[in-house]
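Engineer: Structure provided below as structure tokens; questions to follow.
Only the coordinates and a few stated rules stand behind these numbers; no lab work does. These numbers come from a predicted model, not from an experiment. Cβ coordinates were reconstructed from backbone atoms using ideal geometry, including for glycine residues, and neighbour counts include every protein chain displayed.
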Amino acid sequence: MFQMGGGVAPEDQLDKTQTRRVMARVIRMASPFRRTAFAALGCVVVTTSATLAAPVLVRHGIDSGIRARDLFELNLSVGFYLAITALAYIFGRMQYVFLNRTGESFLRELRLKVFASMQRQSLAYYDRNKAGVLVARMTADIETMGELIQWGLLQFLASGFLVVLAFAVLFSLSWQLTLVVLIVFPVIVVASVKFQRDSNSAYLTVRERVGQNLGTLQEGIAAVRVIQAYAQEDNQIERFEKSNRSLFASHVRSIRISTWYFGLVEFSGVIATSLVVGIGGWLVHEGVVSLGTVVAFILLLSSLFDPVQQLSQLYNGVQSAAAALHKLFAILDATPEVDEAPDALALPSRGNLKVDDVMFTYQGGSTPALDHVSLEVRDGERIALVGPTGAGKSTLAKLMARLYDPVMGVVSYGGVDLRRGTHKSLRQRIVVVPQEGFLFNGTIRDNVRLARIDATDAEVEAALDRLGVLAHFERLPEGLDTEVRERGTRLSAGERQLVALGRAALVDPAVLVLDEATSNLDPGTEAEVEAALERLMQGRTTIVVAHRLTTVQRADRIVVVNNAKITEVGTHGELMALGGHYSALARAWEKSHAG
Amino acid sequence: MTSAPIGDKPIAVLGGTTVVELDPDAAASAKGEAEEQARAQRNLGWQLLWRALLDQRRALVFGVAIGITWTAAKVAVPQLTKAAIDRGIERNGPLLAWSLFIAGAGLATGLLTAGRRYLAFRESRWTETLLRERIFAHIQRLHVGYHDRTQTGQLMSRASSDLQQVQQFVVMIPITLSNVAQLFAVTLILVLTDWRLAIVALAPLPFINVASRRFSSRIHPAVLAVQNEQAQLASVVEESVSGVRVVKGLGTESVQFDKLRKEADDIRAVSLKAAGIRSRFLPAIDLLPSLGLIAVLGYGGHRVVNGDLSIGDLVAFNVYLTMLVWPLRNIGMMVALGQRAAAALVRVHEVLSTEPAVRSPKQPRSLPARHTSQPVGAVSFENVVFGYGDEHRVLNDLSVSIAPGESVAVVGATGSGKSTIVRLLLRFYDVDQGRITLDGIDLRKLDVHELRRNIGVVFEETFLFNDSVRNNIAFAKPDADLATVERAARLAGAHEFIMRLPEGYDTPIGERGFSLSGGQRQRVAIARAIVADPRVLVLDDATSAVDPSKEHEIRDAMRTVMEGRTTIVIAHRPGTIALADRIVLIDEGRVVAVGQHRELLDTSERYREVLAAWAVRDDTAAAEVPIAARTPVVGGE
Ligand SMILES: Nc1ncnc2c1ncn2[C@@H]1O[C@H](COP(=O)(O)OP(=O)(O)OP(=O)(O)O)[C@@H](O)[C@H]1O
Ligand SMILES: Nc1ncnc2c1ncn2[C@@H]1O[C@H](COP(=O)(O)OP(=O)(O)OP(=O)(O)O)[C@@H](O)[C@H]1O
Ligand SMILES: [Mg+2]
Ligand SMILES: [Mg+2]
């Protein structure tokens, strides 16, 4: 009934020691649920034994009851048969309940742990790992295991158990006939192993192409506006058709593989019957076995062949689950680069933010992004970071907020090294607001509130009002409760940015770090917003990565970052007089403004 | 509110107004109508599938024929086994011959099974494949308004999971028909062998069918619920990962974690619910046949003892009963699968039957040819009224006309409708009132493709495809040669950084490729528009993310591109606005001022507000005084 979809790429295949380690760890992680796990295992043993007892009882009924014309024995067999059926039913039900309870609790635990570990990682981790891969770990990989638990694990256990038991029963009934069955059995086993391999590779191709096809489909839908704007529908349709047809071809290949296999299995089953009838009949004539035994064999054959088939399919599933677990454990084991020290203390509530001879290189970067940089920002001071593209402004800002740790040197707040502060106090003191607005699913209100989750509706509104944009959003038909839709498509480009800015107006930290985006706002709105931000900055330390002259001019001090170093520090006037990099930059900006 | 006694006409009195409740007959007929409608929908869905299957009828009929032959062979095996036991073993008959007969039947069933499976699976996949292509093609042609309202995920599931339901149904067609045949054949054989025993043995079996059907229809919503919760969890993870810079910067990890915990709990809850349903049905379905087998052993055993039945018959009964288990389950499942497929087909049909609201007219007029002495590319908005479907009117009586070859800057506050104008010009939406013309022809009278090929837009949101830089730039003209692509890239100021990419023009970009900065992406998009070589070029805030000092270089190149074509620029930077011959200021959905930059600075207060023309002059004033109260400071720059 159920075909387990599973498969594992060669490079993901685990070796013996890895498998053993994964298993051991799963058992350790599942130990809180061991009660239900053992209960489930017990149920599996009972129901499987009951399945096997049935043909034995039939044999008894035929040989000792019917052929011996002993009605008592016959009725006894029937009574027992009924009893074990009832037993199998009860334990069958419990088996599902226990197994799923164990499995789902385990998966829930796994989800929470993996996500928590992902969240503890620093930004560097997210630089290294593509978003798509991380999402797949939390979804597809864990779901594979869920499927396995719901269907596969149960059958895997039962099937394995069934094959072993069935042989034991057969052997105890008649070793001669067991040998007869063993003529066919290897054919099935060999075919199953080959099928398992071939179907694994076919399955991987199918999975890959399904992914590809979904990707093309998704792109075609997401980009529909661009496609239509350039009248490229027909080309896109053709492109999709190509990927769709290649998916079909991979399906057909996997169908071919299963076709011969299932044909062979069905054929072998009947051949085994024919052998048991032929040779068994001869043995009956010789008086070696009873007719009842032959009948029991015929009936037992199916409980022998089905599990082998299932085992071969499940093997893939179990393997891919092990591979998935291995990857998930790797996430759990990743040590966060930016972590809380064991003896962390709360940062002082106010103080100077000091960067002392800091070196920083991004992973994979050949040259340092910051090279022996020192800077002291006084409590309440407003600093603007300026410099050419790629100079290291954002990097410096991120280090000042401990989104990364320096490779060398120290960043401290109020005299305490940021690495010795608790995470909680760090985010209470220093907040970074990236201004390119990433909007989350939900309403405008939810998105602003993200900056301070305990903010009331009134506070959210007040924050937007301070920016002077509340009226604008309230004019929308659903006001602040407008759903922003996927990534904010319901809003205009500038409106999206205003929502992100609303976050900056809602937070209330001692140190505010703003990485100014090049703007989608009209200068009028922008000036208004800037004026509001200006008020926001009063009384707190502010570090702004600036791209606009107006922002720069408001700063107490301007810090020029050039080529990973701080080259100039001073007020607008001072730096203009210096006639260095800043004065050139300021002139370029002015020119762009003037046209 | 007082309710009337039973028997009277139900009347409710609400604050003095008498409200007669809905006439029950009318309510019933309304309900009947809804049902009628649902049935009609289902019929349309089935017709869709029927027509698809008709095209594959040869292979399908062949598959069914093989399936029924397979049934015959399969049913023969227990008959042969029985004969072998009775005549061969019990009566010392020719054992070898019987064994060979059984083996022969085995060979036949093996081959036939293979054939049936192959045909069934291949044909069902083919149906799915073709339907998916139809859906994709249709989606590509549906108007943008439809896409605004429909989430990507929804359309994705039409073309994936819904079609999977259809495939699962189609694949079952041949086996179900042979199952039905098998059911009849076996029942007939059993009844002919011993009708009394047959009745007793078969009695529990219909329950299998009923139980399977119930199970399938109960488990389906449960499975959907699980999938739904999984999707919700996925979207929490997705946004936490994509928005990690916001999450980390604000320190809101706990918010995301709480969201995730809720989803993880939900998944666990619905999964356990599904497991509960399985536990209620599956063991029962597994064990019901045992009741028949017990009956055969007990009642049949007695009849053998009495000499009414042979042992061979008894064994055959056993084997036949087990043979009925799968067909009964399958038929039960098939009913549920059919219901599911029907629902999926209705949804698919809904998409396929949605007519694109924006379509080319039957006899489109064609645009005047380019490269004649007469310059082309005149755009005119005449009293345009437009809203996105809600009561909010975005454009309200907007009129503007742009001469061929002219360049115009559109300026306005955030949310004033600038991008909307672009979307209307592309005919993503049709205007509610008024009209828009290109070279004097109403857009609605033009072939949509021709219109769009003549308008090149750089959108404010840059969408790049998962493809090489080169293919992204050559998007509008896939067969453009490298020289053309390079020329466009140079003009857009993109050539330099492209050459520094790891594989130059062949570097894959887009979501899954090399990540470019916002400014770089915009420059690729500009190059894409240049390759299209449109008669009207539209730049919607196309250089907002480009560094101001870099923008300067692009601006010079843009002058070359703009030569000889109409250009509409939406921009906020005075430098960019200055590219245009004329400036159109929009506010509250209409044009409030038209003129040159300097002219507007002098005459339009709103223009000065939008461009914050005072900001450079007097910062402190801008910081302290609310907008309305500001006295604009005007001066030459
Ligand atoms: N996540 C990252 N991984 C690797 N290298 C990076 C990363 N972020 C930035 N860099 C590199 O570090 C250097 C400094 O980058 P940074 O973002 O600090 O520049 P910036 O001064 O903020 O520039 P811009 O004005 O363009 O924002 C650049 O060479 C950049 O390519
Ligand atoms: N798809 C949509 N559905 C409903 N309303 C929309 C849609 N797109 C835009 N709007 C609304 O229409 C108004 C005009 O939007 P538009 O994108 O044209 O503004 P804009 O002038 O381009 O602004 P910006 O300068 O911020 O890009 C806004 O209030 C916006 O919220
Ligand atoms: Mg930066
Ligand atoms: Mg816009």
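Engineer: Restricting things to alpha carbons, tell me how big segment B:34-175 is in terms of Rg and Dmax, in Å.
Structural biologist: Gyration radius and largest Cα-Cα distance of segment B:34-175: 23.5, 81 Å.
Engineer: Moving on. Once you order the gyration tensor axes a ≥ b ≥ c over the Cα atoms, which shape class does segment A:332-399 get: rounded for a/c under 1.5, otherwise prolate or oblate by comparing a/b with b/c? Could you put the intermediate results ahead of the total?
Structural biologist: On the way: a/c = 2.33, a/b = 1.04, b/c = 2.25.
Oblate shape, in that a/c is at least 1.5 and b/c is the bigger or equal ratio.
Engineer: Turning to a different aspect of this structure: Step through the residues of segment B:454-466 one at a time and calculate ³J(HN,Hα) from phi using the Karplus curve (6.51 cos²θ - 1.76 cosθ + 1.60, θ = phi - 60°), rounding each to whole Hz and writing x for Gly and Pro.
Structural biologist: Once rounded to whole Hz, the list reads 9, 10, x, 10, 9, 6, 5, 9, 7, 9, 10, 8, 6.
Engineer: Another question, if that's okay. Along each of its three principal axes, how wide is the spread of alpha-carbon positions in chain B, in whole angstrom units, largest first?
Structural biologist: Sorted largest first, the three principal extents are 120, 79, 59 Å.
Engineer: If eta is 1.002 mPa s and T is 20 °C, what Stokes-Einstein diffusion coefficient results for segment B:110-188, Kirkwood Rh from Cα pairs, in µm²/s?
Structural biologist: Numbers: Rh = 14.8 Å.
Taking Rh from Cα pairs, D becomes 144 µm²/s.
Engineer: Quick one: 3J(HN,Hα) in Hz for segment B:120-126, Karplus 6.51/-1.76/1.60 with θ = phi - 60°, rounded, Gly and Pro as x.
Structural biologist: Once θ is set to phi - 60°, the couplings for segment B:120-126 become 4, 5, 5, 5, 5, 5, 5 Hz.
Engineer: For the protein assembly as shown, give the share of DSSP beta bridges that are antiparallel, in percent and rounded to the nearest 5; count only bridges with both residues there. Please list the in-between numbers first.
Structural biologist: Details: 43 of 80 bridges.
Here the share of antiparallel DSSP bridges comes out near 55 percent.
Engineer: Once you have a ≥ b ≥ c as the square roots of the Cα gyration tensor eigenvalues for segment A:350-491, tell me rounded if a/c is under 1.5, and otherwise prolate or oblate according to whether a/b is larger than b/c. Write out the running numbers ahead of the final one.
Structural biologist: On the way: a/c = 2.53, a/b = 1.91, b/c = 1.32.
Prolate, because a/c is 1.5 or more and a/b exceeds b/c.
Engineer: Per residue Cα convex hull volume for chain A, in cubic angstrom?
Structural biologist: Details: hull volume 127.2 nm³, N = 595.
Considering the Cα atoms of chain A, their hull volume per residue is 214 Å³.
Engineer: Just the number, please: Stokes-Einstein D of segment A:353-594 in µm²/s, Kirkwood Rh from C-alpha pairs, 4 °C, 1.567 mPa s. Numbers along the way, then the final one.
Structural biologist: Values: Rh = 18.8 Å.
Translational D for this selection: 69 µm²/s.
Engineer: Now for a different question. Going through segment B:465-529, which trypsin sites (Lys or Arg not before Pro) have at most 14 other Cβ atoms within 10 Å and a DSSP loop state?
Structural biologist: Those that pass, being in a loop and sparsely packed, are B:512.
Engineer: Let me ask something else. Report, by chain and number, residues whose modeled amide H sits under 5 Å from the one on residue B:539, excluding near sequence neighbours (fewer than 5 apart, same chain).
Structural biologist: B:458, B:568, B:569, B:570
Engineer: Give me the percent of DSSP beta bridges within segment B:494-609 that run antiparallel, rounded to the nearest 5.
Structural biologist: Details: 5 of 10 bridges.
Rounded to the nearest five, the antiparallel share is 50 percent.
Engineer: Under 5 Å between amide H atoms, partner at least 5 residues away or on a different chain: which partners does residue B:590 have, H built in plane at 1.01 Å?
Structural biologist: B:396
Engineer: Further question: I'd like the antiparallel share, as a percent to the nearest 5, of DSSP beta bridges with both residues in segment A:471-595.
Structural biologist: Numbers: 5 of 10 bridges.
Antiparallel bridges: around 50 percent, rounded to the nearest 5.
Engineer: Reachable lysines from residue A:565, Cα under 23 Å, same-chain residues fewer than 8 places away excluded?
Structural biologist: Qualifying lysines at Cα under 23 Å: A:354, A:393, A:398, B:550.
Engineer: Report, please, the projected area of segment A:175-288 averaged over directions, based on the convex hull of its C-alpha atoms, in nm².
Structural biologist: Details: hull surface 34.6 nm².
Projected area, direction-averaged: 8.7 nm².
Engineer: Averaged across orientations, what area in nm² does the convex hull of the alpha carbons in the protein assembly as shown project? Please report the intermediate quantities before stating the final value.
Structural biologist: On the way: hull surface 233.3 nm².
The orientation-averaged projected area of the Cα hull of the protein assembly as shown comes to 58.3 nm².
Engineer: So if I take the alpha carbon set of segment B:55-352, get Rg, then get Rh from the Kirkwood formula, what is the Rg over Rh ratio?
Structural biologist: Across segment B:55-352, the Cα-based Rg/Rh ratio is 1.13.
Engineer: Explain nothing, just compute: Karplus ³J(HN,Hα) = 6.51 cos²θ - 1.76 cosθ + 1.60, θ = phi - 60°, for every residue of segment B:56-63 in order, whole Hz, x for Gly and Pro.
Structural biologist: 10, 4, 4, 4, 5, 4, 4, x
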